1. Rounded to whole Hz and in sequence order, give me ³J(HN,Hα) for region 116-129 from the Karplus expression 6.51 cos²θ - 1.76 cosθ + 1.60, θ = phi - 60°, writing x for Gly and Pro.
2. What is the Cα coordinate range of region 10-70 on the first, second and third principal axes, sorted by size from largest, in whole angstrom?
3. Do any chymotrypsin sites (Phe, Trp or Tyr not before Pro) in region 123-186 lie in a DSSP loop with no more than 15 other beta carbon atoms within 10 Å, and if so, which?
4. Using 23 Å as the Cα-Cα cut-off, could you pick out the over-long pairs in 136/225; 188/225; 136/199?
5. Using only the alpha-carbon atoms of region 94-226 as identical scatterers, what base-10 log of I(q)/I(0) does the Debye formula give at q = 0.10, 0.15 Å⁻¹?
6. Below 8 Å, C-alpha to C-alpha, sequence gap of six or more: please give me the relative contact order for region 94-226 in percent.
Amino acid sequence: MAQPDKPATRGERIRAARRQRGWTQGQLGEALGVSSQAVSQWEQGRTDPEIDRLQMAADLLGVARDWLTSGLGPDRGEGAAPTVSPFTPAIVPGTELVGARDFPIYAAAQGGEGHLIVTFDPIEVVKRPAILEGVKGAYGILVYGDSMSPAYRWGDMALINPHMQPARDEVHVFYDHGPTGEAEAIIKNLVGWNDRTWKLEQFRPELQFEVARVDWPICHRVVGKYNRR
């Protein structure tokens, strides 16, 4: 991570380190024993974390404590990388494939304005992953593009549960209409929502933005992935 030309605020440094690691606010909060709302407050500069918690965050995110605390020195410390594993979505090993070969995989192609075009005609039907055993209508999508990297990389298979309610700081697929024919889609982290808009986040490039729910009425939860082959 390159240091900015102009010193960032502490909240901006926390956000930059978190996104570089590929974590959501929820994952960082869980690792630190606080809520995602608390992390959001830190990043917006509304509150400050306790110094011991800030130092723990530096270790978790793999950045230098002095840099995260005060902006002094390089953002990366010398020596070996921290042993704490970075967040990745639930990766389902082949040994957890169960049941019949009835799990459809859909392909995504590049559409306009960075959207995906998903064709609901399976390119492959595979054995169902245990995480989605018994879930009617569950499916997989081959990820196109790197906007959610490193959490979801180009060619990974996102595993979708269409019945789970929207949840903050979880990745979802949003569609412009139901699963028939071809649909436009976006796969993003859900930051929040109201009765009119979804507030979304992507990691590459780092960006938060809002879209109208009337344009993207279908929201399906991503519950895991297979790494790309």
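Please treat every number below as a calculation from the coordinates, not as lab data. Values in this document were obtained by computation on a predicted structure and should not be read as measured data. We place every Cβ from the backbone using ideal geometry, glycine too, and count neighbours over all the protein chains shown.
1. Couplings: 9, 10, 9, 9, 7, 10, x, 8, 6, 10, 10, 5, 6, x Hz.
2. 24, 23, 18
3. Here the sparse-neighbourhood loop sites are 154.
4. With Cα atoms farther than 23 Å apart: 136/199.
5. The Debye formula, applied to the Cα set alone, gives -0.30, -0.68.
6. 24
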